[in-house]
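In what follows, a structure is listed as structure tokens, so that the remarks can point back to it.
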Amino acid sequence: MFDKLLEPGRHGLVDGRAGVLVRPVEGLAIATVTAGAKRIAAVADTLESRFGIKPPARPACRERDGVSLVGTGPGRWLVLASGQESAGFEAGLCCALDGLGAVTDQSDALLVLELAGPDVGRTLAKGVTLDLHASVFPTGSAAVTVVNHIGVTLWQTDDAPTYRLAVPRSYAGSFMDWLAGSAAEFGLETLS
Amino acid sequence: MRIPCPYCGSRDVQEFSYLGDANLRRPDHEAPEAAFHDYVYLRDNPAGPHRELWYHGSGCRNWLVVTRNTVTHDIAGARFAKEPT
Amino acid sequence: MSGELANPAGVLARRGVEQRSGKGTAAVRRLATGGLVDRTRPLEFEFDGRRYTGLAGDTLASALLANDVRLVGRSFKYHRPRGIFSAGCDEPNALVELRTGARTEPNTRATTVELYDRLTASSQNRWPSLDFDVLSVNRFAAPLLGAGFYYKTFMWPASFWEKVYEPLIRRAAGLGRASGQSDPDAYEKSHAFCDLLVIGAGPAGLMAALTAARAGARVILADEGFRMGGSLLSDNPVIGDRPGSDWAAQAIAELKSFPDVTLMARTTVFGVYDGGTYGAVERVADHLPSPPPFLPRQRLWHIVAKRTVLAAGATERPIVFGGNDRPGVMLAGAVRTYANRYAVAAGADVAVFANNDSAWRAARDLVRAGVAVRTMIDVRDTVDPALLAPLKDAGVRILLGSRVVGTSGKRLHGIEVLTGGHRSSIAADTLAVSGGWSPNVNLTCHLGNRPAWNEDIAAFVPDKLPPGMAVAGAANGRFGLADCFAGGASAAVAALEELGIAATAPALLRAEDEPYRIGAFWHVAESRGPAFVDQQNDVTVKDIGIAHREGFRAVEHLKRYTTLGMATDQGKTSNMIGLAIMAELTGKGIPQTGTTIFRAPYTPVTIGAFAGHHRGKEFRPTRLTPTQGWAERQGAVFIETGAWLRAQYYPKPGESDWQETVNREVRTVRSGVGFCDVSTLGKIDIQGPDAGILLDRVYINTWSTLGVGKARYGVMLREDGMVMDDGTTSRLGPCHFIMTTTTANAAKVYQHLEFCLQVLWPELDVQLASVSEQWAQLSVAGPKARETLARIVDPGFDLSNEAFPFMSAAGLTVIGGVQARLFRISFSGELAYEIAVPAGQGERLAEALMTAGAEFGITPYGTEALGVMRIEKGHAAGSELNGLTTAQDLGLGRMMSKKKDFIGRMMSQRPGLTDPKRPALVGLRPVDRSARLRAGAHFIPVGADAIAANDQGHMTSTAYSPSLGHSIGLGLLSCGPSRIGERVRAVDPVRGADTEVEICNPVFIDPQGDKLRV
């Protein structure tokens, strides 16, 4: 899907090192987990025992052994697992959380992109209406927000900084158009 | 304008959509038509502090009760609508 | 008083004015030394077709003045010749058309345009040439064109307005012209956050930024100019023992060393919004002939600041007198700026006219710089002896208690001065005027505040401030340099303290802190000739008198009646004087008269900057369906439906037009099989023990009794009783439903359900998730649908009518293990299924269906055929679900449960909504079957006049039905369902149609629904 959106290689400014690097994160099983109002603690405990990660109670991302839990709302998480088959992953979660909360497969709904490079902050600032300064949005922070009128979930995975963005599938083309335009002045390198 | 979402933190108003007066209560289904008429159509229009429903549709998708001064746009606070007052 | 100098040119020569000569490129007014221009970098430019040379660091205005170009434009209304008046964004006159071709930018201020090599500009509002302008005859008609002229004159006849008056006025008035071509450059938006936003990089702003930066705060310093420093550059003060410009450069270098300090030159903060939000525009490439590759021309900034220090300085205002618009009459501070910063002598023979001390310092600086100042005129009878001395020493003639009453020359060559009842003529090619300084309070007032009158400086100063804002320096009415430094530092310290950041004010700098005294004086009553208050809109003192006489005395009325302050400069140099004159006429006093409301933007912002990235095909994001790529390969024609791009129809070679293709697609579905991507429908996953209760409350029909593995059609109302949306919802498990919504209402319905769960009934245990993006959903329809599907469904799933009847739903796998959901529902009226697979499998599913159905002649079909078939089946869609229809209007009234409450139940029972006379859904077909029906036509009884009183409803949807061989329509007709068999006329005055139609059942095909259930 990604290769159709933007040709691999260099876009925008071609001189020097690319200011922004973008890479699709493929092979992810993705699901939303939503706890019933009175069972948030039970769902959190179940997720913790299953993945060894304490689900964040605020907009944040916690990762362990290829599984990430991103807080997207009170009692609501986006779960991303690399190298897992999506239907099986969802079914397993459903079983574990049966009667506690809802599990919904979103593996095909979201395109996850990894963005890095020295100018990634200046590029994201052209669309993200959040303060991404290290003092406000350090590694492990997450947000559900809007970029270029497209709803995205965004989280920071390291201090480089590197960000991951989950973009709705139908909007992926428009998102990449925005990214290519916004990163053009710094040079955008598309990695596969 | 910025709205302090209790979950997401301070966010730009463009992430939210506005509904209106948060003090309205949907009448019981046995209430007379007049009660529904008032609920659907009658609104106070106060100059000053006002409790309003806002939906954080581009964020955590929670409905919020925001206390906003309609004269100064000063926002005194926001809480989840589903939480009892 | 000293005598006049006999030979000004001699002075120039002696003081060293460069006298370059050549082919019209002599920079005759450039001073030999000084200034902040780079004499090693000459820049060629062109104005009105003539070539000149300027220097790097010039503005277009300073370069024009250096070349002794004084006439730069014609005025708005009277086409009077006008010259450069100011040295900044307050410029009312020197508006030029910059660049050529598609990049032509009208109404740019020559005083803020940074000179670049090969800049091209031309004057505006003149024909055939700037020097000889035909419409300058308007000037002689000036007595007729006064305030309210248009309102009074062009009253009647009404038809004349569009045909005669408006074109005439538009040709005569107005300023620059747009290129009429598409803008070739890019614009973008960006967001920034900081602890402290400092607006203006003059002495107060630089000091505020330095104080905050040293404390470790996140700082943004924005300045509209291309070189930071503000008055440190134009007034050239001494700080310690160094020029002010050196100190500024050092401060900027230090600021650049902090990682959390952002310096934004060429950036105007134009608006203040709620919650510490500011709008700013950065002119990224306006100082270049064209933007470098990949850079935008301008960038619109959305800045969120915890605290702000406004250090925007002050704007000088003139004194108004007869003939004050003559090219050569300039603001005194501007003449000073041209000398100090640009090393340009604004004229060869300068007179100064003032009511305050700052103009005396301007005159002193001019003398020091070598500009010939010959006369100093002040309305005050006495001034500080310290001001007198340097001018007396330079031999300047000083006229106290005097005023300028008139001017002469096309370009100024003389002024008439009134001293104690005696008039005298004085030669001058430049008159530097100062009526005092007005703090730039604009941004303090954007949230509805009004400034306060300060008698001491005869100016409005900031009063109530936007939350988080402090004001420092001249913007706060503190004009002394030491005051600016101290004010900037203390404002920053106080702001940071509120944020819990400890900061200390830097040691006080040794700076000249010269007193500022003013004798308030607004206009010369004894003037000879028109005295212009607002030079950009040609509003005179007399016009204000007319407004007063005719009762337009409130400032907001004054503004609108005379257009005072309504030009692109927003009255920066004129509003104060206008209201002072009105105060004088009413006798009310200035504080009581008050100011007009200040609004964003502070200076004009191009529409392109506001649009940013959102133009052309990126006007808004486009959503693509999961089969987009496949459909492209099939040669589909696409159509925008809301944010979605959908396949409209799939032409085959040899088909001559869309109608032929759509007819073929419909016939194939009705006789064989076809499929269509319906992924755009909203899909909401509803889980939890109370899911059935929620559905009972949001839909008009009952849901809690729906069996697992079953689907049902539902209609939801708004609380006022009107239909909100419809769709099919299926029960996948005891506590698990999947709802579909219309494409258009997907987000709205999701929000509505969250409202129900979070606001109305928080006790319900239900969880929602949008799965619209997760599933590719294809509708497979036609008598051969089951046989086609049988070839892609994995073994073990029984598709037979008995095992999987109409309105069934199930999970299964298809095409070899792909998770899928199958729904036996139909929009076309045929035997049909909707099959959903994960979106990434959408194209694979489409390919599999093509193969599986090849034997039956399967065709993909688009939104057109989908629409035709739903009209043939009488299903309501967007045109019928228009927010004005009830369930009963759409023939769905019987679905409404009487056993339960649901949203909209009570209000839908109101007599007005149950009245049988309401327009309700019917089918329509033309009596003459060859006639074509049009949506939007109104129903009029046969034989009645086609007038509103006889209107009985309208045609909502129409299509050519290939199944029936004629045009069909759906419509909302008064008493419709009881009039089946009658005839009415479908009258379409817009397209000139009047067609007799038969009222019929809206279900044109298979009204018993037999085909659905086979």
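The values are calculated or read from the model by the stated rules, or taken from the named source; none is laboratory data. The shown structure was predicted, so the numbers you read here are calculated from the model rather than taken from an experiment. Cβ placement follows ideal geometry from the backbone for every residue including glycine, while neighbour counts extend to all protein chains displayed. Surface accessibility is based on the protein's heavy atoms, side chains included, excluding ligands, DNA and RNA. Shrake-Rupley method; radii C 1.70, N 1.55, O 1.52, S 1.80 Å.
Distance between the C-alpha centers of the stretch C:936-974 and the stretch C:392-456? Whole Å please.
Value for the Cα centre distance between the two parts: 73 Å.
Of A:W155, A:W77, A:W178, which is the most mobile in a GNM of chain A whose springs link Cα atoms less than 10 angstrom apart?
Looking only at A:W155, A:W77, A:W178, the biggest GNM fluctuation is shown by A:W178.
Net charge within 9 Å of C:I940 by Cβ-Cβ distance, Lys/Arg positive one each and Asp/Glu negative one each, not counting C:I940 itself?
Working: positive: C:R985; negative: C:D945, C:D951, C:D994.
Result for the local shell: -2.
Any idea what the alpha-carbon Rg over 2.2 N^0.38 Å comes to for the stretch A:52-127? All intermediate terms of the calculation are to be shown ahead of the outcome.
Working: Rg = 14.6 Å, N = 76, 2.2 N^0.38 = 11.4 Å.
Cα-based Rg divided by the globular estimate yields 1.28.
Can you list the residues, at least 5 places off or on another chain, whose amide H is less than 5 Å from the amide H of C:T262, using H built in the peptide plane?
Sorted by chain and number, the residues that satisfy this are C:V219, C:I220, C:L221.
With charges only on Cβ, +1 for K and R and -1 for D and E, what is the dipole size of the protein assembly as shown about its Cα centre, in debye, rounded to 20?
Numbers: 136 positive and 136 negative charges, 478 e Å.
Charge dipole, the protein assembly as shown, about its Cα centre: 2300 debye, nearest 20.
For the stretch A:1-88, state the semi-axes of the equivalent ellipsoid (square roots of 5 times the eigenvalues of the alpha-carbon gyration tensor), sorted largest first and rounded to whole angstrom. Mind showing how you got there, number by number?
Details: eigenvalues 229, 43, 27 Å².
Calculated on Cα positions only, the semi-axes equal 34, 15, 12 Å.
Got a sec to turn the phi values of the stretch B:73-79 into Karplus ³J(HN,Hα) couplings, 6.51 cos²θ - 1.76 cosθ + 1.60 with θ = phi - 60°, whole Hz, x for Gly and Pro?
These are the phi-based 3J(HN,Hα) values: 6, 5, 9, 7, x, 8, 9 Hz.
With the convex hull built on the Cα atoms of chain C, state its orientation-averaged projected area in nm². Please list the in-between numbers first.
On the way: hull surface 204.8 nm².
That works out to 51.2 nm², a quarter of the Cα hull's surface.
What distance in nm separates the two pseudo spin-label positions at C:A389 and C:A253, each 7 Å out from Cα along the beta-carbon direction?
3.5
Which of C:V698, C:C735, C:L717 sits closest to the plus end of the dipole of the stretch C:692-739, meaning its Cα is farthest towards the positive end, when Lys and Arg get +1 and Asp and Glu get -1 on the C-beta?
C:C735
Can you list, by residue number, the Cys in chain B that have no neighbouring cysteine C-beta under 4.7 Å?
Isolated Cys, chain B: B:C60.
From the Cα gyration tensor of the stretch C:881-930, with a ≥ b ≥ c the square roots of its eigenvalues, which class applies: rounded if a/c is under 1.5, or else prolate if a/b is larger than b/c, or else oblate?
Working: a/c = 3.00, a/b = 2.46, b/c = 1.22.
The shape class here is prolate.
At q = 0.12, 0.20 Å⁻¹, what is the log10 ratio I(q)/I(0) for the stretch C:754-903, with the Debye formula run over Cα points and no solvent?
Each listed q maps to, in turn, -0.68, -1.27.
Can you give me the P(r) profile for the stretch C:444-491? Cα pairs, bins 10 angstrom wide beginning at 0, each as a whole percent.
Here the calculated profile for the stretch C:444-491 is 28, 50, 22, 0.
Arrange the peptides C:615-621, A:97-103 so that the one whose residues have, on average, the most other Cβ atoms within 10 Å appears first. Let's see the in-between values first.
Details: C:615-621: 12.9, A:97-103: 20.4.
So the order, starting with the most tightly packed, is A:97-103, C:615-621.
Mind grabbing the interface size between A and B? I mean buried accessible area, both sides, 1.4 Å probe, in Å² to the nearest hundred.
Values: alone 9210 and 5860 Å², together 14040 Å².
The A and B chains share an interface burying roughly 1000 Å².
How big is the Kirkwood radius of the stretch C:710-752, worked out from every pair of different alpha carbons and given in Å to one decimal? It would help to have the intermediate numbers written out before the result.
Working: mean 1/r = 0.0903 Å⁻¹.
After inverting the mean inverse Cα-Cα distance, the result is 11.1 Å.
Given 0.36 nm per residue, what is the gain on full extension from C:Q909 to C:I947 after removing their alpha carbon distance, in nm?
Values: separation 38, 0.36 × 38 = 13.68 nm, distance 3.09 nm.
Roughly 10.6 nm would be gained on extension.
Collect residues whose amide H, placed 1.01 Å from N in the peptide plane, falls under 5 Å from the amide H of C:V715; neighbours closer than 5 in sequence don't count.
Under 5 Å from the amide H of C:V715: C:I700, C:N701.
Quick one: grab the alpha carbon gyration tensor of the stretch B:38-85, order the square roots of its eigenvalues as a ≥ b ≥ c, and give me rounded if a/c is under 1.5, else prolate or oblate depending on whether a/b is larger than b/c.
Values: a/c = 1.88, a/b = 1.26, b/c = 1.50.
In terms of gyration-tensor shape, oblate.
In this model, which of C:K617/C:K784; C:K464/C:K542; C:K464/C:K572; C:K572/C:K617; C:K710/C:K917; C:K464/C:K588 are farther than 29 Å apart at the alpha-carbon?
Numbers: C:K617/C:K784 39 Å; C:K464/C:K542 34 Å; C:K464/C:K572 21 Å; C:K572/C:K617 39 Å; C:K710/C:K917 36 Å; C:K464/C:K588 23 Å.
Going by Cα-Cα distance, C:K617/C:K784; C:K464/C:K542; C:K572/C:K617; C:K710/C:K917 fall outside the 29 Å limit.
Roughly how large, in nm² to one decimal, is the mean projection of the convex hull of the alpha-carbon atoms in the stretch C:236-372? Walk me through the intermediate numbers first.
Numbers: hull surface 51.0 nm².
Taking a quarter of the hull surface, the average projection is 12.8 nm².
Percent relative contact order of chain C, based on C-alpha pairs within less than 8 angstrom and at least six residues apart? Display every interim value, and only then the final one.
Working: 2422 pairs, mean separation 90.1, N = 1014.
It rounds to 9 percent for chain C.
What value, in deg cm²/dmol to 500, does the helix sum -39500 (n - 2.57) over DSSP H runs of n ≥ 4 give at 222 nm once divided by the residues of chain B? Show your work: numbers first, answer last.
Working: 1 runs with 9 residues, N = 85.
Rounded to the nearest 500, the figure is -3000 deg cm²/dmol.
Return an integer: the convex hull volume of the alpha-carbon atoms of the stretch C:527-625, in Å³ per residue. Don't jump to the answer; show the numbers that get you there.
On the way: hull volume 13.3 nm³, N = 99.
Value for the stretch C:527-625: 134 Å³ per residue.
To the nearest 10 Å², what's C:V471's accessible area with a 1.4 Å probe?
Around 20 Å² of this residue is reachable by solvent.
At 7 Å along Cα-to-Cβ for each site, give me the label-to-label distance between B:Y39 and A:S135 in nm.
Reported label-point gap for B:Y39 and A:S135 is 4.9 nm.
Could you bin all the Cα-Cα distances of chain B into 5 Å bins starting at 0 and give me the percent of pairs in each, rounded to whole numbers?
Values per bin, smallest distances first: 3, 14, 24, 20, 17, 12, 6, 3, 0.
Would you kindly state how much longer the chain becomes between C:E982 and C:V1003 on full extension, computed as 0.36 nm times their sequence separation minus their alpha carbon distance, in nm to one decimal?
Values: separation 21, 0.36 × 21 = 7.56 nm, distance 1.65 nm.
Extending this stretch completely gives an extra 5.9 nm.
Amide H of C:A56 versus every other amide H placed in the peptide plane: which residues, excluding those fewer than 5 positions away on the same chain, fall under 5 Å?
Under 5 Å from the amide H of C:A56: C:D38, C:R41, C:L43.
Per the Kirkwood treatment, what hydrodynamic radius in Å, one decimal, follows for the stretch C:720-797 from the mean inverse distance over all distinct Cα pairs?
On the way: mean 1/r = 0.0643 Å⁻¹.
The Cα-based Kirkwood calculation yields 15.6 Å.
Compare the peptides C:677-686, B:28-37 by average per-residue count of other Cβ atoms within 10 angstrom and give them in order, highest first.
C:677-686, B:28-37
Quick one: pull the percentage of alpha-carbon pairs in the stretch A:41-192 with a separation above 23 Å.
Working: 4364 of 11476 pairs.
Summing the P(r) of the stretch A:41-192 above 23 Å gives 38 percent of all pairs.
Kindly write out, for the stretch C:489-497 in residue order, the coupling ³J(HN,Hα) from the Karplus curve 6.51 cos²θ - 1.76 cosθ + 1.60 (θ = phi - 60°), rounded to whole Hz, with x marking Gly and Pro.
Ordered by residue, 3J(HN,Hα) equals 5, 5, 5, 5, 4, 5, 5, 5, 4 Hz.
Based only on Cα atoms, what Rg/Rh ratio does the stretch C:601-738 have, Rh being taken as Kirkwood's radius?
On the way: Rg = 21.6 Å, Rh = 19.3 Å.
Value, to two decimals: 1.12.
Tally Lys and Arg at +1 and Asp and Glu at -1 over the other residues with C-beta under 15 Å from the C-beta of C:L36: what net charge comes out? Don't skip to the end; give the middle numbers.
On the way: positive: C:R30, C:R39, C:R41, C:R227, C:R242, C:R336, C:R341; negative: C:D38, C:D58, C:E114, C:D223, C:D235, C:D246, C:D365.
Once positives and negatives cancel, what remains is 0.
Using the Karplus equation 6.51 cos²θ - 1.76 cosθ + 1.60 (θ = phi - 60°), what ³J(HN,Hα) coupling, rounded to whole Hz, does each residue of the stretch C:382-395 give in order, writing x for Gly and Pro?
Along the stretch C:382-395, the couplings run 9, 9, 4, x, 5, 7, 5, 3, x, 6, 4, 4, 7, x Hz.
Using only alpha carbon positions, build the gyration tensor of the protein assembly as shown, then give the equivalent ellipsoid semi-axes as the square roots of 5 times its eigenvalues, largest first, whole angstrom. Show your work: numbers first, answer last.
Numbers: eigenvalues 909, 266, 172 Å².
Rounded to whole Å, the semi-axes are 67, 36, 29.
Taking each residue in C:770-778, count the Cβ atoms of any other chain within 10 Å of its Cβ, then average. What number comes out? Could you put the intermediate results ahead of the total?
Working: counts 7, 6, 4, 11, 13, 3, 2, 0, 0.
That average works out to 5.
Classify the stretch C:878-1014 from the C-alpha gyration tensor, please: rounded if a/c falls under 1.5, else prolate or oblate depending on whether a/b exceeds b/c. Intermediate results must be reported in sequence, preceding the final value.
Working: a/c = 2.28, a/b = 1.31, b/c = 1.74.
Taking the square roots of the gyration eigenvalues as a ≥ b ≥ c, the stretch C:878-1014 is oblate.
Can you put C:F902, C:F806 in order of accessible area, largest first, using a 1.4 Å probe?
Working: C:F902 0, C:F806 50 Å².
Most to least solvent-accessible, the answer reads C:F806, C:F902.
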